[in-house]
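Reviewing the structure listed below.
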């Protein structure tokens, strides 16, 4: 039986504040949507993932979720939630039997909860997680309590909400629109939906303070986080040329750097640090210098590949530190731009990347200005 997941992320999320929609905002260095998608992509019983975004959010998606477009089917949604779900249903490949529909703003969904929803589909048309209401409920108006509301049989709904695909497709086709969630659509069509026990940590990020709560929950579970550290070292000799490329930035100089690719010694060191943290060897293993296709290649290709390897294995880049060792050229005036370039390729905030320089006090080959060396250290955290 084949299972698909649809992640609905086309909303504007204005109540969360911020300059961009909440699903693209960072949560401990990784975007909310990236975390929600990774939860589905890493689950062994989910075969395909569709992400639904707003038509105007393609650039935001590419920036906040680098490389995710290669791992999911991306489609655009509508102004309403149920319209976006219908777009996601239409984008599913042939052969799917079951579908999980999940809010992109619920980044803390667990594998155990996904399993519980799938188990509920064994005997029901649909299954959805929820938490029983335990607080007293009031009715109110004008800032005053006007009455009580019995809480018996009331639940706080969560996602992912799971359904047999043909049943929920037919239910959406028959529904007039405006539903709060897919359970409402299913019930309108007469489908039998089971309630499975939800999780308190499976919060939906709605207000600014929800981000703080989600961060605390992630940090609380830090004893289960896998942390890896890698380092890289690279050297390139000076040769003919009128500039050097360091950490993706071209700097005018009396000499260039010699190398099979563009000889970006800083980016090479950082790339090797990532491969080292993942125990994947070095650049030469993935991009052999004996292969002519990499002659003169932009080193961004190498770093992008290493960063993608980290994401594909479930890791987020927590921080990176690059030190360039040379007498000339002067690095300080370009360090901020270099950090921004590296951060963009790695898909992290620029304040998580450090680029600095030192000399070797006129000692050794760097002191004699025969070349430039670089050292890089990176820390990966399981996402």
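The values are calculated or read from the model by the stated rules, or taken from the named source; none is laboratory data. For clarity, every value in this text was computed on a predicted model and none was experimentally measured. Methodologically, a virtual Cβ is constructed for each residue, glycine included, from the backbone with ideal geometry; neighbour enumeration extends over all protein chains shown.
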What's the total number of residues in segment 203-213 that are in contact with a strand residue (DSSP E or B) (Cβ under 7 Å, 6 or more places away or on another chain) and either within 12 Å of residue 109 (Cβ to Cβ) or not assigned by TED's automatic domain parsing to the domain that holds residue 102 (or both)? 1
From 316, 339, 310, grab the single residue that is under 22 Å from residue 33 (Cβ atoms) and assigned to a helix (DSSP H, G or I). 310
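Results for (1) over 28 Å from residue 87 (Cα atoms); (2) outside the structural domain of residue 30 (by TED's automatic domain parsing), shown as yes or no for each residue.
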| position | (1), (2) |
| --- | --- |
| 193 | no, no |
| 200 | yes, no |
| 215 | yes, no |
| 239 | yes, yes |
| 244 | yes, yes |
| 260 | yes, yes |
| 271 | yes, yes |
From (1) more than 32 Å from the chain's Cα centre (by Cα); (2) part of a loop (DSSP other than H, G, I, E, B), pick out the condition that doesn't hold for residue 148. (2)
Filter segment 42-67 for residues that are closer than 24 Å to residue 313 by Cβ and without any contact (Cβ under 8 Å) to a residue 12 or more places away in the chain; which is surrounded by the most Cβ atoms within 10 Å (Cβ to Cβ)? 62
Within segment 181-208, track down each residue that is in a helix (DSSP H, G or I) and surrounded by 14 or more Cβ atoms within 10 Å (Cβ to Cβ). 182, 183, 184, 185, 186, 187, 188
Looking for something in a strand (DSSP E or B) and under 30 Å from residue 110 (Cα atoms) - is there at least one such residue anywhere in segment 345-354? yes
Out of all the residues in segment 166-177, is one or more modelled with pLDDT under 95, in contact with a helix residue (DSSP H, G or I) (Cβ under 7 Å, 6 or more places away or on another chain) and either within 25 Å of residue 206 (Cα to Cα) or not assigned by TED's automatic domain parsing to the domain that holds residue 215 (or both)? yes
Just checking, does segment 314-322 include any residue being without any contact (Cβ under 8 Å) to a residue 40 or more places away in the chain and either surrounded by fewer than 17 Cβ atoms within 10 Å (Cβ to Cβ) or at positive phi (or both)? no
Among 297, 310, 277, which is the only one that is surrounded by 15 or more Cβ atoms within 10 Å (Cβ to Cβ), outside the structural domain of residue 70 (by TED's automatic domain parsing) and under 22 Å from residue 237 (Cα atoms)? 297
I'd like the full set of residues that are modelled with pLDDT of 95 or more and surrounded by 14 or more Cβ atoms within 10 Å (Cβ to Cβ), limited to segment 217-233. 230, 231, 232, 233
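For (1) surrounded by 20 or more Cβ atoms within 10 Å (Cβ to Cβ); (2) part of a strand (DSSP E or B); (3) at positive phi; (4) not assigned by TED's automatic domain parsing to the domain that holds residue 22, each residue gets a yes or a no:
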site	(1), (2), (3), (4)
69	no, no, no, no
75	no, yes, no, no
83	no, no, no, no
88	yes, no, no, no
94	no, no, no, no
100	yes, yes, no, no
105	yes, no, no, no
117	yes, no, no, no
128	yes, yes, no, no
From the list 323, 377, 358, 271, exactly one residue is farther than 27 Å from residue 39 by Cβ, more than 29 Å from the chain's Cα centre (by Cα) and at pLDDT 90 or above. Which is it? 358
Criterion first (without any contact (Cβ under 8 Å) to a residue 40 or more places away in the chain, surrounded by fewer than 21 Cβ atoms within 10 Å (Cβ to Cβ) and in contact with a strand residue (DSSP E or B) (Cβ under 9 Å, 6 or more places away or on another chain)) does residue 340 satisfy it? yes
Could you please let me know if residue 34 is under 15 Å from residue 314 (Cβ atoms) and under 15 Å from the mean Cα position of the chain (by Cα)? yes
Could you check segment 1-39 and list, in sequence order, the residues that are without any contact (Cβ under 8 Å) to a residue 60 or more places away in the chain, closer than 23 Å to residue 78 by Cβ and surrounded by fewer than 21 Cβ atoms within 10 Å (Cβ to Cβ)? 12, 14, 20
Could you identify the single residue in 113, 137 that is surrounded by 14 or more Cβ atoms within 10 Å (Cβ to Cβ) and assigned by TED's automatic domain parsing to the domain that holds residue 21? 113
Looking at segment 260-283, is at least one residue part of a strand (DSSP E or B), in contact with a helix residue (DSSP H, G or I) (Cβ under 7 Å, 6 or more places away or on another chain) and under 21 Å from residue 365 (Cβ atoms)? no
